[in-house]
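Written out below as structure tokens is the structure these notes cover.
The values are calculated or read from the model by the stated rules, or taken from the named source; none is laboratory data. What you see is a predicted model; the values in this text were computed from it and never measured. Here Cβ is always computed from backbone atoms with ideal geometry, including for glycine, and neighbour counts include all displayed protein chains. Only protein heavy atoms, including side chains, enter the accessible area calculation; ligands, DNA and RNA are left aside. Shrake-Rupley method; radii C 1.70, N 1.55, O 1.52, S 1.80 Å.
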Amino acid sequence: GGMARTIRSVKILEAIQITRSAEGLTAYFSLIRVNYLEGEPEVYVLPVTFASGEKSAQVLYQFPQAIIARVQIKDKDVEGILYDAIWESWFSELLLDSIGHRKRKMGWKGEILAWPTKVFHRIRASTDVPLPPSVLQTEQSNTSLVYGDRFILKLIRSLHLGANPELEIGQFLTEKKSFAHIPPLAGALEYRYGRHEPVTVAILHGFVANQGDAWRYTLDNLSRYFERI
């Protein structure tokens, strides 16, 4: 986010292990503090995983934009790549599963707490129906995942102390008022440590089919301005 500023240093503040044990798959939910030469530092969410051999070649081909660095592990004589785990379907599936089952994962200093709202299971309906995750390509500041035609998860990349207003308002309108004219809030991921306020990491909504967004609608109307007048 601080593209106009010069990075002075980067530090890993937290790493929370996420695993799919049956397949031996591992990723880390990491929190990264970026210090600049001027101005306040920023904290980012970066899910990280590792691949080598044929798998690394597959990642290079399928989603090269996810690659963070090439890595050589000298004591094991292994070469591979570090990359953003959000592009791996197994990792995205675990995020949705964690919310549905209210799971808690411990890290170095704190924990990630996943929780659903009262509408989660109504939206999820049958657990036998697969909900393949896909990354939306239009996001710039955050990352959004769509699960079939049921859910959309926004991973908030730049973190701030306290609950996200989108989460607070969505929870109030969904659970307190049963307001039907917004995407229903289905759950969230929060980072908690010590006595600090929880930090919103991700927000899950029910998916609403649409034909675009307000920005595209505005541009389309402006383009037809002279025709209308």
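So which GluC sites (Glu not before Pro) in the stretch 17-121 are both in a DSSP loop and have at most 13 other Cβ atoms within 10 Å of their Cβ?
Details: sites: GLU23, GLU38, GLU42, GLU54, GLU79, GLU88, GLU93, GLU111; in loops: GLU38, GLU88.
Answer by residue number: GLU38.
Taking LYS105 as the anchor, which lysines have their alpha carbon closer than 27 Å to its alpha carbon, excluding any fewer than eight residues away along the same chain?
LYS105 reaches LYS11, LYS55, LYS118, LYS154.
What base-10 log of the normalised intensity I(q)/I(0) is obtained for the chain from the Debye formula, alpha carbons as equal point scatterers, at q = 0.14 Å⁻¹?
Rounded to two decimals, the profile gives -1.01.
Let's test this: bin the Cα-Cα distances of the stretch 69-198 at 10 Å from zero up to the farthest pair and state each bin's percent.
In order of increasing distance, the bins hold 10, 35, 35, 14, 4, 1 percent.
Taking only Cα atoms, what is the 0 to 90° angle, nearest 10, from helix 89-100's long axis to the longest principal axis of the chain?
Taking Cα atoms only, the helix is inclined about 60 degrees.
Helix 53-62 sits at what angle to the longest principal axis of the chain, using alpha carbons and giving 0 to 90 degrees rounded to 10?
For helix 53-62, the angle is close to 30 degrees.
Report the residue, chosen from ARG195, ARG122, ARG216, that carries the largest GNM mean-square fluctuation when the chain is represented by alpha-carbon nodes joined by springs under 10 Å.
Of ARG195, ARG122, ARG216, the most mobile in the Gaussian network model is ARG216.
If you filter the stretch 40-137 for chymotrypsin sites (Phe, Trp or Tyr not before Pro), then keep DSSP loop positions with at most 15 other Cβ within 10 Å, what is left? Spell out each step's value before the answer.
On the way: sites: TYR44, PHE50, TYR61, TYR83, TRP87, TRP90, PHE91, TRP108, PHE120; in loops: TRP108.
The qualifying sites are TRP108.
Taking the alpha-carbon centroid of each part, what is the distance from the stretch 54-78 to the stretch 112-136 in angstrom?
Computed from Cα coordinates, the inter-centre distance equals 30 Å.
With the full set of protein chains in place, find how many percent of the accessible area of the stretch 126-208 is carbon and sulfur; take the probe as 1.4 Å.
On the way: 2460 of 4590 Å².
Ligands and nucleic acids excluded, carbon and sulfur give 54 percent.
Can you give the FRET efficiency for LYS109 and VAL208, using 1/(1 + (r/R0)^6), R0 = 30 Å, r = Cβ-Cβ distance, to the nearest 0.05? List each step's numbers first, then the result.
Numbers: r = 37 Å, r/R0 = 1.22.
The pair LYS109/VAL208 has a calculated efficiency of 0.25.
Taking only Cα atoms and a 10 Å spring cutoff, compute GNM fluctuations for the chain and point out the largest among THR19, THR218, THR49.
Comparing THR19, THR218, THR49 in the GNM, the peak value goes to THR218.
Could you state the number of Å between the C-alpha centres of the stretch 186-229 and the stretch 150-164?
Computed from Cα coordinates, the inter-centre distance equals 11 Å.
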